[in-house]
Structures are given as structure tokens and as C-alpha cells.
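Enquirer: Structure incoming, see below.
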């Protein structure tokens, strides 16, 4: 069983994912895959530098992700070009990693699960939910990005009511880490039961 874990920026997806990992669940994190496909010297990074300019690279040849993010979220055409380049690469890597997963279920961690065709790869959608006010406060504290950039990212993501409408399961993360850990543990136990039931219902091969 593949569970897609998503939520808006600043919702606590990474913290929730780490708590699932602590239960022994394998993670396929599209943010990490996105970094992997633009590693120094990769064809994708070379294409980005050629299209947007070498000033997006640091002295070691690595991508300045914060600078790129500010650039593309200020210009919709640049965002479309970048997504056309990266999304197929990320998806191919994602499908390969999901196919290699073992265990009762696998967690696909993706901020764009519902904005892309990645949702087609999962059996259930788990949303980590917080208010927009919490998103802004947490992301400003964490990233050092401008308020304008963060608001542009929130606007580019699926609207909160639409995200919640597409969720099979929802964890509210408005409280502290201990509360999140309790909610994740309860959800993990539920997924293990679901996975076992699904395996038992499969016809013998």
C-alpha cells in the first residue's frame, strides 16, 4: 500500500514523515528527489543554468535553491518552464523508488501530490493540515524567505478546502510535536491494519 503524505508549505510534512520513519516505514520524498535530479553537474542543472544564467550556481557549482525559488514564483512562465523540465525526471525516479519499497506500506512525501499526477501513484492521501496563519508564521521562522515569496508559494499550491476534500485521512498539526507524534502513531497503526487486510484479500497467486 502506498500512502501519499502532503500538505501546504509550513504544515509540518517533514516532521510527520520523520515520525512515520521512526516506526520503520520507508519514505520516498519528492523534495529529496528534486534535489537529486539537480545535483552539481547533472544535465538538469546545466539546463537550468543555461536558461536562467550561471548566477544561480554557487562557487561549488551547486544550485542556489532559494534564489531559484524566488525567481520562478515571481514569473509564472519561468515556473512553467522549470516544472516541464523537472517533473518528468522526478516522477521517473519516484516510481523507481516506490517499486523498491518493502514493509506494510510506503509513504510518498510530496508537497505537490495533488497538484501533479503523483496522486495517481498512491492508494490513500494523508493531509497534514494547518491554517494559513500557521503556514506563514512557521515558514517565515524557518526559511528566511520573504513574505511575498511564501504567499506566492501558498497561492500556487492547491487551495486548503480542495486539499482537504481530496484527503482520505487528515492530521491537524496546530499543536506541538508530542501531539503530532500521537496522531502519527495512531494513523500508522491504522495503515498497518489496512495493509494486512488488503494483503489477505488478494487472491492466491
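The values are calculated or read from the model by the stated rules, or taken from the named source; none is laboratory data. All values derive from a computational prediction rather than experimental measurement. We place every Cβ from the backbone using ideal geometry, glycine too, and count neighbours over all the protein chains shown.
Enquirer: Residue 76 versus (1) within 25 Å of residue 151 (Cβ to Cβ); (2) in contact with a helix residue (DSSP H, G or I) (Cβ under 7 Å, 6 or more places away or on another chain): which is the lone unmet condition?
Expert: Of the numbered conditions (1) within 25 Å of residue 151 (Cβ to Cβ); (2) in contact with a helix residue (DSSP H, G or I) (Cβ under 7 Å, 6 or more places away or on another chain), the odd one out for residue 76 is (2).
Enquirer: Would you check if there is a residue in region 98-107 being closer than 30 Å to residue 198 by Cα and in a helix (DSSP H, G or I)?
Expert: yes
Enquirer: Tell me the residue from 186, 178, 119 that is at pLDDT below 95 and assigned to a helix (DSSP H, G or I), please.
Expert: The match here is 119.
Enquirer: All but one of (1) surrounded by fewer than 19 Cβ atoms within 10 Å (Cβ to Cβ); (2) at pLDDT 95 or above; (3) out of contact with any helix residue (DSSP H, G or I) (no Cβ under 8 Å at 6 or more places or on another chain) hold for residue 60; which doesn't?
Expert: The one condition residue 60 does not meet is (2).
Enquirer: In addition: Of the numbered conditions (1) surrounded by fewer than 17 Cβ atoms within 10 Å (Cβ to Cβ); (2) in contact with a strand residue (DSSP E or B) (Cβ under 7 Å, 6 or more places away or on another chain); (3) at negative phi, residue 108 fails exactly one; give the number of that condition.
Expert: That leaves (1) as the condition not met.
Enquirer: Here's a follow-up. Name the residues in region 133-148 that are crowded, with 17+ Cβ neighbours inside 10 Å and modelled with pLDDT under 85, would you?
Expert: 145
Enquirer: Looking at region 60-77, which of its residues are part of a helix (DSSP H, G or I) and more than 21 Å from residue 139 (Cβ to Cβ)?
Expert: Matches in region 60-77: 77 only.
Enquirer: Which one of the conditions (1) over 23 Å from residue 128 (Cα atoms); (2) crowded, with 17+ Cβ neighbours inside 10 Å; (3) out of contact with any helix residue (DSSP H, G or I) (no Cβ under 8 Å at 6 or more places or on another chain) does residue 89 fail to meet, given that it meets all the rest?
Expert: So residue 89 meets the others, but not (3).
Enquirer: Out of region 19-44, which residues are within 30 Å of residue 133 (Cα to Cα), in a helix (DSSP H, G or I) and touching a helix residue (DSSP H, G or I) at 6+ places or on another chain (Cβ under 9 Å)?
Expert: Answer for region 19-44, where residues must be within 30 Å of residue 133 (Cα to Cα), in a helix (DSSP H, G or I) and touching a helix residue (DSSP H, G or I) at 6+ places or on another chain (Cβ under 9 Å): 19, 20, 30, 31, 33, 34, 35.
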